[in-house]
Amino acid sequence: MGIIVQKFGGTSVATKESRERVIKHIKAELTSGNQVVVVVSAMGRKGDPYATDTLIEHIKQNDNQLQKREMDLLLSCGEIISAATLSSMLNAQGIDNTVLLGGQAGIITNDNFSNAQIKTIHPKRIYEGLKQNKVVIVTGFQGMTDQGDITTLGRGGSDTTATALGVALHADMVDIFTDVNGIMSADPRIVQNPEHLKVVTYDEICHLAYQGAKVIHPRAVEIAMEEQIPIRVRSTFSNDEGTLVTSLTEVKKRTQKSEINERIITGIAHVPNIAQIKVFAKEGQYDLQLKVFNAMAEHKISVDFINVNPIGVVFTVHEEDLDQALKILSNMNYEPQVIRNCAKISIIGAGMAGVPGVMAKIVKALTENDIQILQSADSHTTIWVLVHGENMKKAVSALHQTFFDK
Ligand code: ADP
Ligand code: MG
C-alpha cells in the first residue's frame, strides 16, 4: 500500500460529469489498495462562477481596492468551493473523506501574498485522515503563514501543492490530471498532431515549462525532482497512462533503445505578448547597457532575450511592463525602438548540444513560411526565436513539422 497524490485541474472539476470522472480515478487507486490525497483547483476557467479569474473580475468590479492579504483570502475561496463540492459527491457514493485547507494540511509559507513560497510542510492531519481510511482532499494553490494568514502560491500553484505534498508524504506517485493526454511535443491547441511524450526527464519538462508549456508549473517539477518523486501528467477524461516524468536513470530503464539519447528535440514552447525594445548608444556612450539594465532591475521589470552589441542593446519585456519600461527609458533621455506584440518560441532538447544543423533547419522552416526572425539566441539545450505575434501559430507549426513529422 502506497500514497498517491492526485491533482485535478480546473477543467477536471468544472462540471458534475467531469467530477464523476475524477471520482473514477480516485476509486481506481483505492481499489488498488493505495491511500489517496486529492488536491483540487478552483472549478472551471474564466467566466465560470467560482473560477479564480472570476473572483479577480468580481473584485475589479467592486473598486479593486483589496489589500494583498485580503486578496489571497478571496482567491483561496475557489479551491474551498471545489473541495467541498467534491467531498459532497464522494459522500454520496459512500467514500469516506475529509477536506483540509492548505494551512490545515500543514503547508506553511512565507508572507509573500499572491506568490508565496512554501517554507515547510507538517502533514500531521493528512496522516491522521489517511489512518482513518479517508480520502484526504486538500485545497490547492494555498498555504498559511506562521501567523495563520491564508496565502496563495501564484498561478499554477495547485501543481506545486501536489508535488510538495508528494515530497512531504513520500508518495509513490503524483498524478497531475488535466484536459490533455499528457505532455506533447507542442501545445495541442496550436499543433494538430503533436507527438505524445511517454517518458521525460524532470530536466526536459522543466525547460519546456519554463519556456511557456503551461501543462505543468516548472516549480512543481523542480520540487519533485529534488526528492525524485515520479509525476504522471494524464487526462481526467481517459484511462491513458499519460506522460511519466522521472529521473534520467529511470527513463533509460524504461525506454528500450534509450530513446532519450536519440531525441534531439523534446518539444516546442511559445510565449505570446512580448515586446522587443532596442536602445541605441550615442557616440562614446559606453555605459548604456549598464544604465538600462540597472534601471529595469530597480523597477523590478524582468528583461529577457538580451543582446548587447556596440550599437546598443536589444531586449524583451512582457507586454504588461512595456509602458513602464518606455517611461523609464524616456526619463533617461533615450529614444528606444519598439516592436509590440511579439512571441518567443523555444525549441528545446537536451540532445541538440553539438548536433550540427539545428539552427539551419529552424531558419529554413521559418524563411520558407515567410516568417521574419526578429531575434534569436541559443544555449546547449534551447534555441529561442522571436517572431511577430501574428506569426506565432504558423511558426510553431512549421518548426514542429520540421522536427517531428517523419
Ligand atoms: P489545468 O487547469 O488542468 O491545470 P492547464 O490549462 O494549466 O490545465 O494545462 C493544460 C493545458 O496545457 C492544455 O490544455 C494544453 O493546451 C496546454 N499545453 C501547453 N503546452 C503543452 C504541451 N507541450 N503538452 C500538453 N499540453 C500543453
Ligand atoms: Mg495548470
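The values are calculated or read from the model by the stated rules, or taken from the named source; none is laboratory data. Everything numeric in this text was worked out from a predicted model, so none of it was measured. Virtual Cβ from ideal backbone geometry, glycine too; neighbours counted across all protein chains shown. These accessible areas exclude ligands, DNA and RNA; they are computed on the full protein's heavy atoms, side chains included. Shrake-Rupley method; radii C 1.70, N 1.55, O 1.52, S 1.80 Å.
The sole residue among LYS46, LYS60 that is loosely packed, with under 14 Cβ neighbours inside 10 Å and within 13 Å of ligand 1 (Cβ to nearest atom) is LYS46.
Could you tell me whether LYS282 is under 30 Å from MET225 (Cβ atoms) and without any contact (Cβ under 8 Å) to a residue 24 or more places away in the chain? Spelling it out, it is not the case that LYS282 is under 30 Å from MET225 (Cβ atoms) and without any contact (Cβ under 8 Å) to a residue 24 or more places away in the chain. Scanning region 147-177 for residues that are buried (at least 24 other Cβ atoms within 10 Å of the Cβ) and polar (S, T, N, Q) yields THR151, THR152, SER158, THR160, THR161, THR163. If the condition is being out of contact with any strand residue (DSSP E or B) (no Cβ under 7 Å at 6 or more places or on another chain) and either of a type in the set (A, V, I, L, M, F, W, C) or outside the structural domain of ARG155 (by the TED database) (or both), then region 34-61 contributes ALA42, MET43, ALA51, LEU55, ILE56, ILE59. The residues of region 187-208 that are outside any loop (DSSP other than H, G, I, E, B) and free of Cβ contacts under 8 Å to residues at least 40 places away in the same chain amount to a single one, CYS206.
For region 102-111, a residue qualifies if it is surrounded by 18 or more Cβ atoms within 10 Å (Cβ to Cβ) and either among the charged types (D, E, K, R) or part of a loop (DSSP other than H, G, I, E, B) (or both), and the qualifying residues are GLY102, GLY103, ALA105, GLY106. Beta carbons closer than 7 Å, at least 6 apart along the sequence or on distinct chains, pair a first residue in region 125-136 that is in the same structural domain as ILE107 (by the TED database) with a second that is in a helix (DSSP H, G or I) for VAL135/ILE26; VAL135/LEU90; VAL136/ILE126; VAL136/GLY129; VAL136/LEU130. Under the condition of being over 14 Å from GLY154 (Cβ atoms) and exposed (fewer than 15 other Cβ atoms within 10 Å of the Cβ), the residues counted in region 112-126 number 4. Among the numbered conditions (1) touching a strand residue (DSSP E or B) at 6+ places or on another chain (Cβ under 8 Å); (2) within 16 Å of ligand 2 (Cβ to nearest atom); (3) within 22 Å of THR382 (Cα to Cα), the only one that TYR210 does not meet is (1).
Any residue that is within 10 Å of ligand 1 (Cβ to nearest atom), within 30 Å of ILE95 (Cβ to Cβ), part of a strand (DSSP E or B) and modelled with pLDDT of 95 or more - is there at least one of those in region 155-176? For region 155-176, residues within 10 Å of ligand 1 (Cβ to nearest atom), within 30 Å of ILE95 (Cβ to Cβ), part of a strand (DSSP E or B) and modelled with pLDDT of 95 or more: present. Cβ separations smaller than 7 Å between residues 6+ apart or across chains give the following pairs from region 96-117 residues that are assigned by the TED database to the domain that holds LYS27 to residues that are of a type in the set (Lys, Arg) and part of a loop (DSSP other than H, G, I, E, B): ASP96/LYS134; ASN97/LYS134; THR98/LYS134.
Taken over region 178-198, the criterion of being open to solvent by less than 20 Å² (accessible area, probe 1.4 Å) and away from ligand 2 (no atom under 16 Å from the Cβ) is satisfied by SER185, ALA186, VAL191, LEU197. Residues of region 223-251 that are crowded, with 17+ Cβ neighbours inside 10 Å and assigned to a helix (DSSP H, G or I): ILE223, ALA224, MET225, VAL251.
Take LYS291 and tell me if it is without any contact (Cβ under 8 Å) to a residue 12 or more places away in the chain and not hydroxyl-bearing (Ser, Thr, Tyr). Answer is no for this residue. Those residues that are touching a residue at least 60 places away in the same chain (Cβ under 8 Å) and either within 11 Å of ligand 1 (Cβ to nearest atom) or in a loop (DSSP other than H, G, I, E, B) (or both), I need them from region 210-222; list them, please. Passing the criteria: GLN211, GLY212, ILE216, HIS217, ALA220.
For the criterion of being touching a residue at least 40 places away in the same chain (Cβ under 8 Å) and in contact with a Pro (Cβ under 6 Å, 6 or more places away or on another chain), ILE277 passes.
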